[in-house]
Amino acid sequence: MLKNTLLTLVALVIAIGGGAASVWYALQAQKGVGAITVGAWTAFPDIGTSEADPYSKARVSREGVLALGRAEGLAFVAERDSTGEALKRECAYTIGGNFPIARFWTLYAADQSLDVIKTEKPRLAALQSYQILRRPDNTALISVGNHPLPGNWLYIQGSGALYFVLTFYDTPIASSTGLSDITLPQIVRTGCHA
């Protein structure tokens with residue numbers, strides 16, 4: 001009898017622990033159910049709608065974020081550069097190319113919880129579309145790193161994982177038809193210091 005009770009407890013621990021671990025993994029992943037990927041960038045277009053999948057709803061509830069509705073905008077997250085390498089705060093990057101049509105957009109460097117990286121300086125690790133210097137062909141090039149560079153520069157510091165969050169507000173790409181033919185800026189690693 002004790003053997004059966006012990007086996008039942010072990011089975012319950014494995015089942016509950018395995019279920020909790022799989023849910024935790026699904027909520028942490030930037031890819032998965034309901035995600036769309038454009039180059040290095042991933043978004044969940046249904047996250048602020050009634051059609052959102054259960055994992056997206058749980059992610060919003062757990063993080064306490066105000067999800068954008070489809071008519072309000074769309075947020076893309078990058079955790080890897082355009083070659084597939086994980087983004088690191090110790091490295092410098094350029095983010096360049098065309099930005100889709102939007103009334104306003106923001107770009108910020110984030111930690112694993114997707115909060116803006118604190119820089120301990122007056123300069124934030126964030127940029128927005130009204131600050132950006134554009135090239136004659138309307139593309140933009142943004143340098144990311146801890147050393148200032150001319151032009152558009154996004155300051156980051158520290159070490160560890162890095163994420164970029166690019167949010168478009170009041171944009172036609174948020175509709176399901178606008179997602180099929182968009183291109184997003186490339187993320188290119190330009191060097192690392194360690």
Q. At a probe size of 1.4 Å, how large is the accessible area of Tyr163, to the nearest 10 Å²?
A. 30
(Q) Through the Karplus equation 6.51 cos²θ - 1.76 cosθ + 1.60, θ set to phi - 60°, convert the phi angles of the stretch 122-131 into ³J(HN,Hα) values in whole Hz; use x for Gly and Pro. (A) x, 8, 7, 8, 8, 9, 9, 4, 6, 8
Q: Could you work out how far apart the two model spin labels at Glu72 and Val13 are, taking each label as a point 7 Å from the Cα in the direction of the beta carbon, and quote it in nm?
A: 4.4
Q: Label the stretch 115-194 by shape, choosing from rounded, prolate and oblate, from the square roots a ≥ b ≥ c of the eigenvalues of the Cα gyration tensor; if a/c is under 1.5 it is rounded, and otherwise prolate applies when a/b is larger than b/c, oblate when it is not.
A: prolate
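Under the Kirkwood approximation applied to all pairs of distinct alpha-carbon atoms, what is the hydrodynamic radius of the stretch 95-145 in Å?
Working: mean 1/r = 0.0810 Å⁻¹.
Final number for the Kirkwood radius of the stretch 95-145 is 12.3 Å.
The values are calculated or read from the model by the stated rules, or taken from the named source; none is laboratory data. What you see is a predicted model; the values in this text were computed from it and never measured. Quick reminder, even Gly has a Cβ in these numbers, built from the backbone with ideal geometry, and neighbours come from all protein chains shown. Accessible surface areas use protein heavy atoms only, side chains included; no ligands, DNA or RNA. Shrake-Rupley method; radii C 1.70, N 1.55, O 1.52, S 1.80 Å.
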